[in-house]
Amino acid sequence: MTKRKKHKIVVVIICASFLQGLQFVLSPVLGQIAEHFSDIDMSLIQMVITVPAIVSVFVALLSGWLALKISKKKLLLFAAFLAGTAGLMPTVADSFWMLFFSRMVYGISLGLATTLNTAIVADFFDGDARTSMMGIQAASIGTGMVCITTLSGWIGKNNFENSYWINILGFVAFALILCCLPEKRPVNTEKKEEIRLCKDVSIASGFAFLEFFFLITFSTNIALHLGGTLTGDSTIAGNLIGIFSGIQIVAGLLLGRVTRYFGKYTMPAAMMSFSIGAVLLIVFPGNLPLLVISALFCGFSQGIFIPTGMVTVSNAVAPAAVTMASAVFTSAMSMGQFFSPIVLNMLSNKIFGDVTTGNVYKLAAAGMTASAVLSVWWKKKDHGKENSYEKKACIMHTAPERNGGTDKRIL
């Protein structure tokens, strides 16, 4: 691959990552939205951030099949255009349900962008280059979230509706993807390939559900959690989410070193990083320096977990199954995000007798720690077989006839 082509692919990865970052465009102004629509239940307000995730579950799973029929370029162009269009829909009317519906529509874009972002990396890169590009992908997701949430907190400080206009980035991404992504034919299905996913994909996706079930609490609660003189300050909330996102840039760029240090326990280490950050949030809601440190720990968790998990599932299957494996992993993350505010708010009320951000963070810290312990147990059972993921027997197809017979083989 030429340098020029590689740079163009990187631009496409960055564009897809920014489309993903638009999920959190309203996180810094969530407090203002709650005040403006005071008759709406808080769980529904928080779902403005998480409802795109549940829509993206179905879209991500469908995209695994669509990628066999339609080029990834066309699908990603559709995702970019839809993100811009859906993001501007709330400017038409001052209605919570219009806002909620627009976020559901954006979920289609999110599901396509998240799945195809990984699939594009797998299409153009292999081996160590793939791991490196997954790190760059994670870094670009972090960059997108930094830019989007920081800008949202700043321009939405006096009027949260100003934050809607940031979704114009969807149209910018459309233009760049159109220019930079080569048109590549869908995977050849003439050989009657039967795509089958490994147990490793299912287990990794299960942990992805747990990671994002607890991790999303940072973004959905931080604007409401600030205490003392910081209470209600959307600029501070935006800056903290920006820091949460920014550390993901560093984590992505250092992914190779981090995975070499922690080895097969990289995913559990990422989970424990959030637990540390959540404890700091619980104890110091009004201490800005410690809130910054908390954001760093929580962001590091996402910045390491996503690319590590994506590398795991993409290496666990043959090339034709990468998009589907990525879709399953993405769907698990999205489902975790969607159910998080509903379940954790309910548990907070049942266990503590009240729904507060502090109680939610207590549940998240405890739950993530338990998940990390389970992840360690899973990795111990691997007995050091991480390298066996590559080209594992996850896709069966009928090979060309030999000696008048049909030779069925597993790649």
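No lab work stands behind these numbers, since they all come straight from the coordinates. What you are looking at is a predicted structure, and each value in this text was computed from that prediction instead of being measured. Please note: Cβ atoms are built from the backbone with ideal geometry, for glycine as well, and neighbour counts cover all protein chains shown.
Altogether, the Stokes-Einstein calculation at 20 °C and 1.002 mPa s, with the Kirkwood radius of segment 1-120 over Cα pairs as Rh, returns a diffusion coefficient of 141 µm²/s. Filter the cross-link list K3/K379; K5/K199; K8/K74; K8/K69; K5/K74; K3/K184 down to pairs whose alpha-carbon distance in this structure exceeds 27 Å. Distance filter (> 27 Å) returns K3/K379; K5/K199.
Each peptide among 260-266, 78-84 gets the average number of other Cβ atoms lying within 10 Å of its residues, and from highest to lowest they stand as 78-84, 260-266.
Sequence-distant contacts, meaning Cα pairs under 8 Å at least 6 residues apart, place the relative contact order of the chain at 25 percent.
Its DSSP H runs of at least 4 residues, each contributing -39,500 (n - 2.57), put the calculated 222 nm mean residue ellipticity of the chain at -24500 deg cm²/dmol, to the nearest 500. Taking a ≥ b ≥ c as the square roots of the eigenvalues of the Cα gyration tensor, segment 324-384 is classed as oblate, since a/c reaches at least 1.5 and a/b does not exceed b/c.
For the pair N162 and F352 in one chain, pulling the backbone fully straight at 0.36 nm per residue adds 64.7 nm over the alpha carbon distance. Rounded to the nearest 20 debye, the dipole magnitude of the chain is 1640 debye, with +1 charges on Lys and Arg beta carbons, -1 on Asp and Glu beta carbons, and the Cα centre as origin. Of the labelled figures [x] 21.4; [y] 26.5; [z] 25.0, only one reflects Kirkwood radius over Cα pairs in Å as derived from the coordinates, namely [x]. Each Cα pair under 8 Å and six or more residues apart adds its separation to the average, and for segment 1-127 the resulting relative contact order is 37 percent. Shown for F305, F244: other C-beta atoms within 10 Å of each C-beta, ranked fewest to most, produce the order F305, F244. Note: segment 64-178, Cα convex hull, 102 Å³ per residue.
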